[in-house]
Amino acid sequence: MGKIKISFLFFLAHFLVLLLFSTTYAFAQANQDSLHYYYQAILNPKMPTDLPNAISFYNKKKKLDLSNNDTLNAIRDLRMIAIAQNKIGDLFETESSIVEALQLIKTSKHGNTWVQSAIGLYNQLGNTYRTSKNYGEAINAFNQALELVELTRDSITILNNIGNVYKDQHQFKNAELQYKSALKLVGVTSDSIQLAMVLDNLGYIQAKQEDPQALKSLNRALSLRERINYREGLYSSYRNLSEYYMDRNETSMALQYANQAYEVAKSLNSATYLKDALTRTMLLSEHANVRELGRLSDSLDLAKQLEENKNAFRKYNLEEERKRGDALKLQQEQEKRQRQLFQVISLGAILLLIASYFVYRYRYKKGRLEEIYKTESRISKKVHDEVANDVYQVMTKLQNASTAQEEWLDDLDIIYSKTRDISKELSALDVQDDYVELLGDLLLSYNSEQVNVLTRDISEINWDTISNHRKTAIYRVLQELMTNMKKHSKATVTTLSFGNKGNKIIIEYSDNGVGAALKKHNGLQNAENRISSISGSLTFKSQLNKGFKATIIA
């Protein structure tokens, strides 16, 4: 039973693989068949719908190839589209398709590997401009192709096409130079088709210049084409020979070659060739009316071509105007977006500034409150440590009747002095008048039998130029340092030197106390905060038993 199940599963898998392969193959084959069909529809159209349908097919294929990043096939698609558009007579669209293909080559990473495609496109563009009688652009396009050519065969084709442009303008000398340059290169390749093409064109302009070599060139070209039965070439040879004899009023010979050209046109089933051959036959008719009809037909064809060129030019201008309008609209939209972005950024910046102001204000108020709290705590501790204990001691003495009244009075005087000092330390400063005296009194108040306080150059500073805010900060910082010295350093000598550096005041503090391992307590931290508030700095330097130093820059 197990073997049967395995065999069935194997068979089913094998069947599915075959089905998938056959479906994929059938799909690929169908695509290949369609590609061949529409390729032939462009090269040899038989129905009026062949060219439009082929253009639609290759447009869809181009989009698919571009979505698959298959640039090479997309370029080939555009070349086929351009050929079909040219045959329909839509020269503007032909030019657009060729330019699009060239742009794909220029923007591709592998553009240098597609030189042959670029040569073919420039050559095709030159022929399109020639058809629309835009001769200057045609020459430019052919010259661009000529700059890229690597193969002799390509050079021959392009030189021949440049000669054709000059031939259309009746600049026969210039045309002859191009054809003879091509003829020299043909000798290297021994290509019968190209040799016949150049000889036929050379014979035509030689005939227009009454060159006796003209008929020899035309007949040699015809002989080469008859040998290989190149029918499109044969049509050109018969047509040019007909015109050669018509220009010389040899009507019977001219008509003979015109009829041969007509027979070739019928075999090619080319409407363009048939119309041209019939027009030439009418021009050779014995009836004046028929000849006039032929000339009129040529004139109408030329007028129609010129009008189509004007329409294409107008269409081009309208397209360019639309592109400019789209570009202007895009630019306006971009400018609008930039303005909106600028407005959003500006609004954001304003909101940020407002928010920053309130944050700063909040932090400032919070800092002030913290400073007030620290100050209140310090006052409370100072009153408790220095006043409350002394008051308690006096109260104890009052309870002891043996204590003399004079001793109470002395104790009360000490308490009063301490209270006055605390008040003086924490009260608002009047720094407007005689700041040197105020600062000197502060420093000398710490002078005692145990501590000698020395100041240097304090009066050399021009204190009148210093703001009240800075003077208050300097005063309080020095007050903190002196209090720190009195409480902790056990110093006997303290020195303060004053000086200037630019618009900054520099104060060097040093004492010979016991020093300390640097650890900022509330007093020194408050001093740093104060000096920072005026964009100054306070640095300390101290070691155990080596004194204490500080530098104030305010």
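The values are calculated or read from the model by the stated rules, or taken from the named source; none is laboratory data. Predicted model, so just to flag it, every value in this text is computed and none were measured. We place every Cβ from the backbone using ideal geometry, glycine too, and count neighbours over all the protein chains shown.
One table, with the values for the structure above:
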{"item": "Qualifying residues in the range 267-284 (those that are touching a residue at least 40 places away in the same chain (Cβ under 8 Å) and in a loop (DSSP other than H, G, I, E, B)) - the one surrounded by the most Cβ atoms within 10 Å (Cβ to Cβ)", "result": "Leu284"}
{"item": "Residues of the range 460-503 that turn out to be closer than 13 Å to Gly536 by Cβ and exposed (fewer than 14 other Cβ atoms within 10 Å of the Cβ), as a count", "result": "5"}
{"item": "The lone exception for Lys167 - which of (1) closer than 21 Å to Gly120 by Cα; (2) touching a helix residue (DSSP H, G or I) at 6+ places or on another chain (Cβ under 7 Å) it fails", "result": "(1)"}
{"item": "Residues (in contact with a strand residue (DSSP E or B) (Cβ under 6 Å, 6 or more places away or on another chain) and either outside the structural domain of Val477 (by TED's automatic domain parsing) or surrounded by fewer than 13 Cβ atoms within 10 Å (Cβ to Cβ) (or both)) located in the range 538-549", "result": "Thr539"}
{"item": "Which numbered condition Asn500 fails, given (1) in contact (Cβ under 8 Å) with a residue 60 or more places away in the chain; (2) part of a strand (DSSP E or B)", "result": "(1)"}
{"item": "Answer residue from the range 220-241, given it is free of Cβ contacts under 8 Å to residues at least 12 places away in the same chain and in a helix (DSSP H, G or I) and is farthest from Lys275 (Cα to Cα) among those", "result": "Ser223"}
{"item": "Restricting the range 444-459 to residues that are surrounded by 13 or more Cβ atoms within 10 Å (Cβ to Cβ) and touching a Gly at 6+ places or on another chain (Cβ under 8 Å), the residue that is nearest to Val493 (Cα to Cα)", "result": "Thr455"}
{"item": "Answer residue from the range 480-514, given it is basic (Lys, Arg) and within 60 Å of the chain's Cα centre (by Cα) and is farthest from Leu439 (Cα to Cα) among those", "result": "Lys501"}
{"item": "Tabulated pairs, the range 119-142, first at positive phi, second part of a helix (DSSP H, G or I), C-beta under 8 angstrom, 6+ apart or interchain", "result": "Lys133/Asp168; Lys133/Gln305; Lys133/Leu306; Lys133/Asn309"}
{"item": "Neighbours by Cβ (under 6 Å, 6+ apart or cross-chain): first from the range 242-266, more than 17 Å from Gln206 (Cβ to Cβ); second in a loop (DSSP other than H, G, I, E, B) and aliphatic (A, V, I, L, M)", "result": "Thr251/Leu284; Ala254/Leu284; Leu255/Leu284; Ala258/Leu284"}
{"item": "Residue in the range 462-479 that is over 16 Å from Ala554 (Cβ atoms) and at pLDDT 90 or above present", "result": "no"}
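A quick yes/no check of all residues on (1) within 32 Å of the chain's Cα centre (by Cα); (2) more than 30 Å from Asn69 (Cβ to Cβ); (3) among the hydroxyl-bearing types (Ser, Thr, Tyr):
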{"residue": "Glu95", "(1), (2), (3)": "yes, no, no"}
{"residue": "Leu102", "(1), (2), (3)": "yes, no, no"}
{"residue": "Thr107", "(1), (2), (3)": "yes, no, yes"}
{"residue": "Trp114", "(1), (2), (3)": "yes, no, no"}
{"residue": "Leu121", "(1), (2), (3)": "yes, no, no"}
{"residue": "Ser132", "(1), (2), (3)": "no, yes, yes"}
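Every residue, every condition in (1) among the hydroxyl-bearing types (Ser, Thr, Tyr); (2) in contact (Cβ under 8 Å) with a residue 60 or more places away in the chain, yes or no:
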{"residue": "Ser448", "(1), (2)": "yes, no"}
{"residue": "Leu454", "(1), (2)": "no, no"}
{"residue": "Thr465", "(1), (2)": "yes, no"}
{"residue": "Thr472", "(1), (2)": "yes, no"}
{"residue": "Val477", "(1), (2)": "no, yes"}
{"residue": "Met482", "(1), (2)": "no, no"}
{"residue": "Lys487", "(1), (2)": "no, no"}
{"residue": "Lys504", "(1), (2)": "no, no"}
{"residue": "Ser510", "(1), (2)": "yes, no"}
